[in-house]
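Novice: Sharing a structure here in structure tokens format.
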Amino acid sequence: MKNSKITLVGAGPGDEELLTIKGMNAIKTADAIFYDALVNIEILKHSKKDCKLIYVGKRRGVRRYSQDQINKMMVEAANENEQIVRLKGGDPFVFGRGTEELNYVESYGIKTDIIPGISSALAVPANQGIPLTKRGINESFFVITGTTSDGSVSSDLKFGAQSTSTLIILMGLKNLNLIMEEVILYRDENCPFAVIQSGTREEERIFLNTIINYKEIIKSIDYSKPGIIVIGDTVAEHPAFFEEEIQRVLHSVIEI
Ligand SMILES: C[S@@+](CC[C@H](N)C(=O)[O-])C[C@H]1O[C@@H](n2cnc3c(N)ncnc32)[C@H](O)[C@@H]1O
């Protein structure tokens, strides 16, 4: 094996300018880059002309390569190339299977490095003006998976829902109804929430409502795009939240 190194790089949430300088330097010097679906491909334009670009993400929910195959492909690449980048959306250690991949390649004696990225969990709400914490409103935030390996919602959700926490739910769009039905057991029905799709990208969209009215937004969700659910009183800080709420109240008055 050559003197190879595999660097796990966080690509950030979508906007290519939210890649770190350190991440960019790794891209510029890589001999091969393995990248996922959530990576903004504009970032790849900064790679060397002869850099091998290998797409290993999911398309329309279908994986081209299994995790096992990806692990093996990276070990093979380490035999042929010196600098390999494994590029993942957001931060590789936030629901990114980064540790599994590092452990696997390290078991072959390959050197590794980690360059953290800006996670969508933090950047996507911030980009919309939604703070995750606000003094006097909440004391923590939870980042939870909305789809565990068996397809269910994480059982941690109920602990977050019982606290002052802002709940940030990744991979939760398909389970939105289950998530809301659980949260509504513990939170005021007028608790605000947001669904943000393709955050920090040009095609970004946001839907705002209160948890009691969550069904109103289901038909607007585009399930082919990544989306994050944010629940909690800090969502009311979004500049459009009260405006939309007033419109809804006026509307319901007219309908009556
Ligand atoms: C497998 S997780 C990976 C998370 C990633 N490691 C991170 O730190 O952002 C994928 C989920 O992240 C969320 N996500 C990632 N990028 C997003 C974006 N730009 N806008 C909205 N949600 C995003 C979605 O919930 C998506 O289903």
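The values are calculated or read from the model by the stated rules, or taken from the named source; none is laboratory data. The model shown is predicted, which means the values in this text are computed figures rather than measured ones. Surface areas here come from the heavy atoms of the whole protein model, side chains and all, with no ligands, DNA or RNA. Shrake-Rupley method; radii C 1.70, N 1.55, O 1.52, S 1.80 Å.
Novice: Keeping the other protein chains in place, figure out the carbon and sulfur percent of the accessible area of the stretch 4-136, with a 1.4 Å probe. Each step should come with its number before you reach the end.
Specialist: Values: 3440 of 6870 Å².
Carbon and sulfur atoms account for 50 percent of the accessible area of the stretch 4-136.
Novice: Calculate one ³J(HN,Hα) per residue across the stretch 212-224 by plugging θ = phi - 60° into the Karplus curve 6.51 cos²θ - 1.76 cosθ + 1.60, and present them in order as whole Hz with x for glycine and proline.
Specialist: 5, 9, 4, 5, 4, 9, 4, 5, 8, 6, 9, 6, 7
Novice: Which order do His238, His46 take when ranked by solvent-accessible area (1.4 Å probe, heavy atoms of all protein chains), largest first? Let's see the in-between values first.
Specialist: On the way: His238 20, His46 75 Å².
In descending accessible area the options line up as His46, His238.
Novice: I've got another one for you. With both partners inside the chain, how many of the DSSP beta bridges are antiparallel, as a percent to the nearest 5?
Specialist: Numbers: 18 of 42 bridges.
Roughly 45 percent of the DSSP beta bridges within the chain come out antiparallel.
Novice: Could you tell me how far the Cα centroid of the stretch 85-122 sits from the Cα centroid of the stretch 1-70, in Å?
Specialist: For the stretch 1-70 versus the stretch 85-122, the Cα centre distance is 11 Å.
Novice: Taking a 20 Å limit on the Cα-Cα distance, which of the listed pairs Lys28/Lys225; Lys58/Lys88; Lys28/Lys88; Lys5/Lys72 fall beyond it?
Specialist: Values: Lys28/Lys225 28 Å; Lys58/Lys88 12 Å; Lys28/Lys88 16 Å; Lys5/Lys72 15 Å.
Too far apart for the 20 Å limit: Lys28/Lys225.
Novice: Hey, can you grab everything whose amide H is under 5 Å from the amide H of Lys52? Only 5+ residues off in sequence or another chain; H modelled, so Pro and N-termini drop out.
Specialist: For Lys52, the qualifying residues are Ala32, Ile33.
Novice: Would you mind working out the accessible area per residue for the chain, using a 1.4 Å probe, and quoting it in Å²? Can you show the working numbers first?
Specialist: Numbers: 13550 Å² over 256 residues.
With all protein chains present, the chain gives 53 Å² per residue.
Novice: Among Ile217, Ile118, Ile206, which one shows the highest mean-square fluctuation when the chain is modelled as a Gaussian network with alpha-carbon springs under 10 Å?
Specialist: Highest fluctuation of the listed residues: Ile217.
Novice: Name the residues whose placed amide hydrogens come within less than 5 Å of the amide hydrogen of Thr112, ignoring near sequence neighbours (fewer than 5 apart) on the same chain.
Specialist: Those lying under 5 Å, H to H, from Thr112 are Ile6.
Novice: Using a 1.4 angstrom probe on the protein heavy atoms only, line up Met73, Met171 by accessible area, largest first.
Specialist: Descending order: Met171, Met73.
Novice: If I ignore ligands, DNA and RNA and count only protein heavy atoms, how much of Ser66 is accessible to a 1.4 Å probe, in Å² to the nearest 10?
Specialist: About 50 Å², ignoring ligands and nucleic acids.
Novice: Which far-off residues, 5 or more places away or on another chain, put their amide H under 5 Å from the one on Val9, with H placed in the peptide plane?
Specialist: Placed amide hydrogens put Arg86, Leu87, Lys88, Ile115 under 5 Å from Val9.
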